[in-house]
Amino acid sequence: MARLYYLELPVADSARSAAFYGEAFGWSFTQFGPSYSATMTGDTDIGLDSDAETQVKAPLPVIDTDDLESALAAVVAAGGTIKVPIFAFPGGRRFHFIDPDGHELAVSAADRAG
């Protein structure tokens, strides 16, 4: 079953934001390059994106699925609009869509060893 598992936040400085959340809540972040860091608890994790080229304008909820292509087809069939087609990133693949109310969300499938 699909579930919300990640929230990506657009930030000005990912290192500064990671330090803030670490101090405020005791969260640990893994750095994935100069502009992206994320918690890696396996629960609902937080990503911090400071790359102006890739970051979204508002917080981005990310939904986990086992079948990305079927999820994309279901989003389109339900009336969603694909904003960013399926792309790969370290650890998986995802796409972004706009729901009927104008909210941007993403659907992601992890690379699963099998």
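Taken over region 64-91, the residue count meeting the criterion of being part of a helix (DSSP H, G or I), open to solvent by 80 Å² or more (accessible area, probe 1.4 Å) and closer than 17 Å to G102 by Cα is 1. Residues in region 38-49 that are at pLDDT 95 or above and hydroxyl-bearing (S, T, Y): T39 alone. Can you find a residue in region 43-55 that is part of a helix (DSSP H, G or I) and either open to solvent by 30 Å² or more (accessible area, probe 1.4 Å) or of a type in the set (F, W, Y) (or both)? No, region 43-55 has no match at all.
Could you identify the single residue in Y6, Y21 that is of a type in the set (F, W, Y) and in a helix (DSSP H, G or I)? Every option except Y21 fails the conditions. Among the residues of this structure, S28 does not count as one that is more than 22 Å from A110 (Cα to Cα) and hydroxyl-bearing (S, T, Y).
Take the conditions (1) more than 22 Å from A2 (Cα to Cα); (2) surrounded by 14 or more Cβ atoms within 10 Å (Cβ to Cβ); R16 misses just one of them, which is (2). Scanning region 64-82 finds no residues that are under 24 Å from A19 (Cα atoms) and either among the aromatic types (F, W, Y) or out of contact with any Cys (no Cβ under 9 Å at 6 or more places or on another chain) (or both). Scan region 1-13 for residues that are surrounded by fewer than 14 Cβ atoms within 10 Å (Cβ to Cβ) and either in contact with a strand residue (DSSP E or B) (Cβ under 6 Å, 6 or more places away or on another chain) or not small (G, A, S) (or both) and the total you get is 5.
For F97, are the conditions met, namely being part of a strand (DSSP E or B), open to solvent by 30 Å² or more (accessible area, probe 1.4 Å) and either over 20 Å from Y36 (Cβ atoms) or of a type in the set (F, W, Y) (or both)? No.
Every residue, every condition in (1) over 19 Å from F95 (Cβ atoms); (2) without any contact (Cβ under 8 Å) to a residue 40 or more places away in the chain, yes or no:
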| site | (1), (2) |
| --- | --- |
| S35 | yes, yes |
| T44 | yes, no |
| D49 | no, no |
| T54 | no, yes |
| K57 | no, no |
| S70 | no, yes |
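Step by step: first the residues of region 24-42, then only those that are within 13 Å of the chain's Cα centre (by Cα) and outside any strand (DSSP E or B), then the one that is surrounded by the fewest Cβ atoms within 10 Å (Cβ to Cβ). Which residue is that? So the residue we want is M40.
The values are calculated or read from the model by the stated rules, or taken from the named source; none is laboratory data. In this text, all values refer to a predicted model and were calculated from it rather than measured experimentally. No Cβ is skipped: glycine too gets one built from the backbone with ideal geometry, and neighbour counts run over all protein chains shown. What goes into the accessible areas is simple: the full protein's heavy atoms, side chains included, and nothing from ligands, DNA or RNA. Shrake-Rupley method; radii C 1.70, N 1.55, O 1.52, S 1.80 Å.
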